[in-house]
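Before any comments, here is the structure.
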Amino acid sequence: MAAPGAAGSAAPAGMGAGSRKALYQFGYARSIDQDAFAATGKPPRHRVVVVGAGPVGMTVAVDLAMRGNEVVILDDADRIGEGSRAICFAQRTLEIWDRLGVAKPMVDKGITWQVGKNFLKDDLVYQFDLLPEDGHKMPAFINLQQYYAELYLVERIAELPGIDLRWRNKVTAIDSQAEGVRLTVETPEGAYEIDADWLIACDGAKSPLRDMLGLEFRGEVFDDRFLIADVKMTADFPAERWFWFDPPFHAGQSALLHKQPDDVWRIDLQLGPEADPEVEQKPENVIPRIERMLGHRNFELEWVSLYSFQCRRIDRFVHGRVVFCGDSAHQVSPFGARGANSGVQDAENLAWKLDLILKEQADEALMATYDAERSYAADENIGHSTRSTDFIAPKTAMERTLRNAVLNLAARTEFARAMVNSGRLSKPTTYATALSTPDDALFSDSAKLGAPVPDAPLKRADGSDTWLLDELGAGFTVLHVANGAAPNAVDGATLRIVGGDLLDETGQFRRRFDATPGATYVIRPDQHLAARFRHFEAGKVSAAIARARGRAPVPA
């Protein structure tokens, strides 16, 4: 059923004092579960309950619903839009959201960018282009305030049957049971209980569910503090990522400038470990810093916050029938845009596996591969984030001297540019996973085993334009390059034939997949490459699909 208070009822709330906040308010609505629990004292049961209506929680709910599952989402708030928060959404995240029918309004509203520039003082030392080649439906990155991303997800939820989004429903207790969990939920009208076969915890970095289960974050918390300010102004700066080391307007520290929609600009300023959060967020202290950076006072503050770098995770993401996703499972520093992007990729990895388990098309043991693959991704992101933090905020004078030497060399030498680290920007993880079938032939180029397959422009047989990712099925897809008679579909997988129902007129598919006549690719429901063969053999393809479902024996 449609989400209560979702599409059509979101109303901008009043702007907060001091910092302007674009809020969308949603109404609390009593659920039928409250009536049922009040009448019988027996908790109603659901297959899947998601806690947290942020980008990650709503993504996993939409994905499950589009696969035919019913989902309840519980959120303790009744509004979205507490500042811009996450703003940089990467190509892979946009491809996921495009599959879920929500990327278009995001891309239309967002600021598209792909060029980044690093400065030492006033001097440009290094410039990069994230998407130097064409032939991708989605851009390299967009900048979009998180409240817009959340609003478009709420509107998408309202279009789908099977999602019950409940605002002001706060989980206050959890009881793990043999085949699920029991939740106590507090509402404005009192508490009720519900049971869930599966609970997906998307309740953020301060996750109450994580605390209720006694799970600890392990990792590193860095001392330096950073100021975030959303500034509304009219400026002719290009839509690029600008990062300064030791800028003249903020000596000895770092600064970042990013453009957002609605003439809003994100500014990050390093303040050092001694900064007092309460003092530094006062407008009388923020405004002079911004004024020194911009050289004028023609701006308004929309939102201000302070943060410190945290690179941490819980040991395991799956605890019985409780699965942790996004910031509730792992944290990274904001530089590199690895937080929300990795969380959305958690959601996609989880959704197709849980769907197969719910439909008894895979064993529950498949959930262990969610933990394995996304723990690997978290460790990869934490490693990148930690190295970025060490470069941006050196701990000693010697480290700072080395960092500045690298920056000075970067203006003149290629090897030093590779060492400049103002935040390695988010890329999807290539899984070294038991679900992949090892290659039995040599392949090269950008389609890597265990990675999301690259998009490519294609034409349908009727001459209309399309994109490779748009042609993949919701389940497994077998992608075959024509070489005589077409093969038969295998194990219910979607069959697509390049050189048959799809045409590669630009040659980009061939180059990106190292495709030769007869080549065959097995693609998972999350669009990661599970297997590839130089020739189609039904037995090998069937075994690869079974292996990717977790049902085939995997050699030790």
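Observations on the model:
- Looking at 218, 210, 225, just one residue is surrounded by fewer than 21 Cβ atoms within 10 Å (Cβ to Cβ) and modelled with pLDDT of 90 or more, and that residue is 218.
- If you go through segment 405-418 and keep only what is touching a residue at least 12 places away in the same chain (Cβ under 8 Å) and open to solvent by 40 Å² or more (accessible area, probe 1.4 Å), you end up with 408, 411, 417.
- Scan of segment 89-110 for residues that are open to solvent by less than 30 Å² (accessible area, probe 1.4 Å) and either under 10 Å from the mean Cα position of the chain (by Cα) or on the phi > 0 side of the Ramachandran plot (or both), ordered by number: 89, 90, 92, 93, 94, 96, 97
- In segment 137-186, counting only strands (runs of 3 or more DSSP E) that sit wholly within it, the ones holding 1 or more residues that are more than 25 Å from residue 45 (Cα to Cα) and either touching a His at 6+ places or on another chain (Cβ under 8 Å) or open to solvent by 10 Å² or more (accessible area, probe 1.4 Å) (or both) span 141-143.
- Counting only strands (runs of 3 or more DSSP E) that sit wholly inside segment 439-485, those with at least 1 residues that are farther than 17 Å from residue 134 by Cβ are 457-460, 477-481.
- Comparison of 48, 60 shows that the only residue that is modelled with pLDDT of 90 or more and assigned to a strand (DSSP E or B) is 48.
- Filtering segment 293-325 to residues that are touching a residue at least 12 places away in the same chain (Cβ under 8 Å), among the charged types (D, E, K, R) and out of contact with any Lys or Arg (no Cβ under 8 Å at 6 or more places or on another chain) leaves 316, 321.
- Residue in segment 23-31 that is modelled with pLDDT of 95 or more, closer than 23 Å to residue 198 by Cβ, in contact with an Asp or Glu (Cβ under 6 Å, 6 or more places away or on another chain) and open to solvent by less than 60 Å² (accessible area, probe 1.4 Å) present: no
- Residue satisfying condition, being touching a residue at least 12 places away in the same chain (Cβ under 8 Å), open to solvent by less than 30 Å² (accessible area, probe 1.4 Å) and closer than 25 Å to residue 117 by Cβ, within set 333, 375, 328: 333
- Here 279, 221, 231 are screened, and the one residue that is more than 30 Å from residue 129 (Cα to Cα) and either of a type in the set (S, T, N, Q) or touching a helix residue (DSSP H, G or I) at 6+ places or on another chain (Cβ under 9 Å) (or both) is 279.
- Condition check for residue 509: touching a strand residue (DSSP E or B) at 6+ places or on another chain (Cβ under 9 Å) and buried (at least 21 other Cβ atoms within 10 Å of the Cβ): yes
Okay, residues lined up against (1) open to solvent by 60 Å² or more (accessible area, probe 1.4 Å); (2) farther than 29 Å from residue 127 by Cβ; (3) not charged (D, E, K, R):
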residue	(1), (2), (3)
420	no, no, yes
426	no, no, yes
433	no, yes, yes
438	yes, yes, yes
443	no, yes, yes
447	no, no, yes
450	no, yes, yes
454	no, no, yes
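- Odd one out for residue 290 among (1) in contact with a helix residue (DSSP H, G or I) (Cβ under 7 Å, 6 or more places away or on another chain); (2) touching a residue at least 24 places away in the same chain (Cβ under 8 Å); (3) of a type in the set (A, V, I, L, M): (1)
- Counting only helices (runs of 4 or more DSSP H) that sit completely within segment 351-430, those holding 3 or more residues that are modelled with pLDDT of 85 or more and among the charged types (D, E, K, R) correspond to 367-392, 397-410.
- Of all the listed residues (484, 499, 473), the sole one being under 24 Å from residue 432 (Cα atoms) and open to solvent by 10 Å² or more (accessible area, probe 1.4 Å) is 473.
- Members of segment 252-288 that are in a helix (DSSP H, G or I) and not polar (S, T, N, Q): 277, 278, 279, 280, 283, 284, 286, 287, 288
The values are calculated or read from the model by the stated rules, or taken from the named source; none is laboratory data. Computed from a prediction, not measured in an experiment: that's the story for all the values here. Cβ atoms come from the backbone with ideal geometry, glycine included; neighbour counts cover every protein chain shown. Only protein heavy atoms, including side chains, enter the accessible area calculation; ligands, DNA and RNA are left aside. Shrake-Rupley method; radii C 1.70, N 1.55, O 1.52, S 1.80 Å.
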